[in-house]
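The values are calculated or read from the model by the stated rules, or taken from the named source; none is laboratory data. Note that the coordinates shown come from a computational prediction; the quantities given were computed from them, not determined experimentally. Cβ coordinates were reconstructed from backbone atoms using ideal geometry, including for glycine residues, and neighbour counts include every protein chain displayed. For the accessible areas, the whole protein counts, side chains as well, though only heavy atoms, and no ligand, DNA or RNA atoms are used. Shrake-Rupley method; radii C 1.70, N 1.55, O 1.52, S 1.80 Å.
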Amino acid sequence: MTALTAARPRTAGPDAATADATANATAATAPAADAAPSATGSKRLLAASVFGFFLVGLDAMVVNVALPAINRSLAGGMAGAQWVIDGYTLAFAALMLSAGALSDRFGAKAAYGLGLIGFTLSSVACGLAPSLGLLITARLIQGAAASLMLPASLALIRQAFPEPAARNRAIALWTAAGSAAAAAGPVAGGLITAAVNWRWIFFLNLPAGAAALALLAGTPKLAQAATAARAHFDVIGLVSSVVALAGVTYGFIEGGSKGFGTAGVPASFAAAALASVVFAVAESRQERPMVPLALFKSRAMSLTAAAGFTVNAAFYGVIFLLSLYFQQVAHKSPTVTGLLFAPITAVVSVVNVTVAARMVARIGARASMTIGLTGTAGAMLLLLAVRPDQPAWLLVLLLIPVSFAGSFVVPALTIMVMGSVPAERAGTAAGIVNTSRQVGGALSVAVAGALVAGGDFVRGMHQTLIGLAVVLAVAAVAVQLLAPGRER
């Protein structure tokens, strides 16, 4: 997201006109930006952002394999223990949008540092929790801190690398860290739980968080948001967005585990719908809204949010289902279950760093997203061949296409959205896209859990995989037909 239209790729059509008008209006009211940091400063900012983002992605998935051990240790019941995962997801998704706007308001570096401190301290609280209720509370705080870190980390990269080619390479590293972390989560969870104790899943965040803070402390100061954007605090927009996203996420989580007719679920959806209306009306009438609705006039913004929703739904749904399938149906240990996901981590990391950004540069973000979404849809159908009696090497081969194809989507959509809005709205745009991704993951886990809870696990898993394949295919067609052209 650039402050000057000359610093981003230009596209023909109404989206370009909208983006140009937005950028020109912003430039007219914004103070002169600080100079870009030196090469060393930019690399240090990138390292701090990537390190912290890795921790955020890891903690979103690391608990899956450890959930049975947590249930045995704290004796809260599996339904209650499920909220150890869902509490993190709920806070993460519900607060992401407002956290992105706060990052633009107060500065990405300050927001990222605050989130990193909160994340590290709440991780220690998770490890020390003596009861399931306190563990869930600590996970809610951890998810809230993570929601502040994620959009701020991407905004830091956007500000540290104003030149598009260097920015695309940095984004590839950033997305590689997040994707590798999500893939490595089950591996780390299984190994740590078996070798030491599930509490060390959280304790290890203390030295890692301290290292990320040390990297951040030595980075140069960056330009903050425009004065006009920072002078007003949009309370109505912030509160209504949190209520809307929390209502949607809670409704899907509870509906998936207990049934969508359960008391409280319809009420949560109704509250979300009402809050969404309040949010839309408030933002349309604000002179300086938290989230300018004009951002959604850009097809790049809307389609990247939709693509992020679908790819996270696929990835989170598959990890959730197979973590349970390998242990409950195939009767494999947590260690073996974790190791089965290990090749995914390697594939995601290698593809993101070595191929994804180059592919965007060669064929454009639209084509890269289309290929990735189409390939991931096909990979969902390949997983229909998974059976309990298959050897481990064959299970790994069936998992690799998911990580390989999906690795092309997130770098491409991130590059597309970062090149479509002004730099001072980097945190807001990152919040929008990543909110969509987190809601997609939460919805997928909720629906998958409801489908497999009926008794026939394999049938429910197959229904989920087919549904994900259809949604991914539709997203691929929409991106190919509607997204802006060769954005690089």
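Measuring r between the beta carbons of A346 and L134 and using R0 = 60 Å, the FRET efficiency lands at 0.95. The per residue volume of the convex hull around the alpha-carbon atoms of region 86-181 is 92 Å³. Between the listed residues N205, A361, A307, the Cα displaced farthest toward the positive end of the dipole of the chain, a dipole computed from Cβ unit charges relative to the Cα centre, is found at A361. In terms of packing, defined here as the mean over residues of other Cβ atoms within 10 angstrom, the peptides 263-270, 165-172 line up highest first as 165-172, 263-270. Of the accessible area of the chain, computed with a 1.4 Å probe over protein heavy atoms only, carbon and sulfur atoms account for 70 percent.
By how many degrees, between 0 and 90 and to the nearest 10, does the Cα long axis of helix 457-482 differ from the longest principal axis of the chain? Compared with the principal axis, the helix lies near 20 degrees.
Entry note, the chain: the mean residue ellipticity at 222 nm calculated from DSSP H runs of n ≥ 4, each adding -39500 (n - 2.57), is -26000 deg cm²/dmol after division by the residues and rounding to the nearest 500.
For region 335-488, report the % of Cα-Cα distances exceeding 29 Å. Roughly 22 percent, rounded to a whole number. Relative to the longest principal axis of the Cα atoms of the chain, helix 235-258 runs at roughly 20 degrees. Here the scattering of region 153-215 is modelled by Debye summation over its C-alpha atoms, one equal scatterer each and no solvent; at q = 0.14, 0.24 Å⁻¹ the log10 of I(q)/I(0) is -0.57, -1.03. The value for region 289-389 of Rg(Cα) / (2.2 N^0.38 Å) is 1.37.
In the chain, Cα pairs under 8 Å separated by at least six residues give a relative contact order of 26 percent. Using a Förster radius of 30 Å, what is the FRET efficiency between A280 and K258 based on their Cβ-Cβ separation? Nearest 0.05, please. Taking R0 as 30 Å, the efficiency between A280 and K258 is 0.50.
Run through all the Cα pairs of the chain and give the fraction in each 20 Å bin from 0, expressed as whole percent. P(r) over the chain, rounded to whole percents: 26, 60, 14, 0. Under the convention that each Lys and Arg Cβ holds +1 and each Asp and Glu Cβ holds -1, the size of the dipole of the chain around its Cα centre is about 700 debye. Counting every pair of alpha carbons in region 407-488, the share spaced more than 15 Å apart comes to 69 percent. Relative to the longest principal axis of the Cα atoms of the chain, helix 63-74 runs at roughly 60 degrees. Pairs of Cα atoms under 8 Å, at least six residues apart: use those to get the relative contact order of region 351-488, whole percent. Once divided by the residue count of region 351-488, the mean separation gives 44 percent.
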